[in-house]
1. Return the only residue of ILE152, ILE221 being closer than 19 Å to GLY119 by Cβ and either surrounded by 12 or more Cβ atoms within 10 Å (Cβ to Cβ) or touching a Pro at 6+ places or on another chain (Cβ under 6 Å) (or both).
2. Could you tell me whether ASP159 is more than 18 Å from GLY108 (Cβ to Cβ) and either of a type in the set (D, E, K, R) or in contact with a Cys (Cβ under 6 Å, 6 or more places away or on another chain) (or both)?
3. If I go through segment 126-163 residue by residue, how many of them are within 24 Å of the chain's Cα centre (by Cα) and part of a helix (DSSP H, G or I)?
4. Looking only at segment 177-217, count every residue that is over 29 Å from the mean Cα position of the chain (by Cα), among the polar types (S, T, N, Q) and part of a loop (DSSP other than H, G, I, E, B) and tell me the total.
5. State whether the residues of segment 42-55 include one that is at negative phi, exposed (fewer than 10 other Cβ atoms within 10 Å of the Cβ) and free of Cβ contacts under 8 Å to residues at least 24 places away in the same chain.
6. Any residue in segment 121-140 that's in the same structural domain as LEU102 (by TED's automatic domain parsing): show its pairings with residues that are exposed (fewer than 15 other Cβ atoms within 10 Å of the Cβ) and acidic (Asp, Glu) at Cβ separation under 9 Å, as long as the two are six or more apart or on different chains.
Amino acid sequence: MLTSLEKCSIRDLRSKGCTYREIIDQIGEKIPKSTLAYICKDVSLPKAYYKKIQTNNLSVLVEARKKALIYKAVMREKQLEQIKKQNAKFERMTQREATLALAFLYLGEGLKRSSTQRGLRLGSSDPKIIRTYIGLLKRCYGIETPMLKCRISYRADQDLNELQKFWASITGINIDKFYKTKPDPRTVGKPTRKSDYKGVCAIYCAGSRIQLELQVIADIINDAMGY
């Protein structure tokens, strides 16, 4: 049971703008907030109190968001690890699976066969796609890196020499196997916004029959799916 002196102290602290939590800490007793609210029901609060509450609420919200982001990041990592374990078998792809992967990679990113366009050509700004493509060419058809050539499509404010060094390190293709090229004239006077953009790397290789085979494989699967 609170004494009259304690009640007066509570009211005084409340009138000075203390929160219920602050009052409990200063009184040193575990007092229900409902009891504090009853004792202080007619106490006038200073204007500074509402600003403090707003600041405290904002701080709590910021902390809650930080914790939520950390929690989501941890959950994503756990989910990613689980998915990796479930699909670890693809680290040991069969030749057939590798050819299927190459066929659909080429279907999405490669040059389509036509009466005027023959031979293998695939372009992307994503180093992972380029590495995967080169690896699958070697795995499926024995096409080694010295058999490949490269062309870089880039923007006017980019340094071609630096781009060639970058893609040479990604592909393993010697720079003397890079075709001469010029920047896209449409980009003159338009700064490149993405600092990590390294242009589009196109990989060239002779192989009209392989190009046709990859197209046929993709068509067969599409037909089998009813499309």
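1. Criteria check complete, one pass: ILE152.
2. So ASP159 fits the description; yes.
3. Of the residues in that region, 10 qualify.
4. Number of matching residues: 1.
5. Yes, that holds for at least one residue.
6. Partner pairs satisfying both residue conditions: LEU137/GLU144; LYS138/GLU144.
A quick yes/no check of all residues on (1) in contact with an Asp or Glu (Cβ under 7 Å, 6 or more places away or on another chain); (2) within 30 Å of LEU136 (Cα to Cα); (3) of a type in the set (Ser, Thr, Tyr); (4) at pLDDT below 90:
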site: ALA48; (1), (2), (3), (4): no, no, no, yes
site: VAL74; (1), (2), (3), (4): no, no, no, no
site: ARG92; (1), (2), (3), (4): no, yes, no, yes
site: ARG96; (1), (2), (3), (4): no, yes, no, no
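The values are calculated or read from the model by the stated rules, or taken from the named source; none is laboratory data. Note that the structure is predicted; figures quoted are calculated from it, not measured. So basically every Cβ, Gly included, is an ideal-geometry build from the backbone, and we count neighbours across all protein chains shown.
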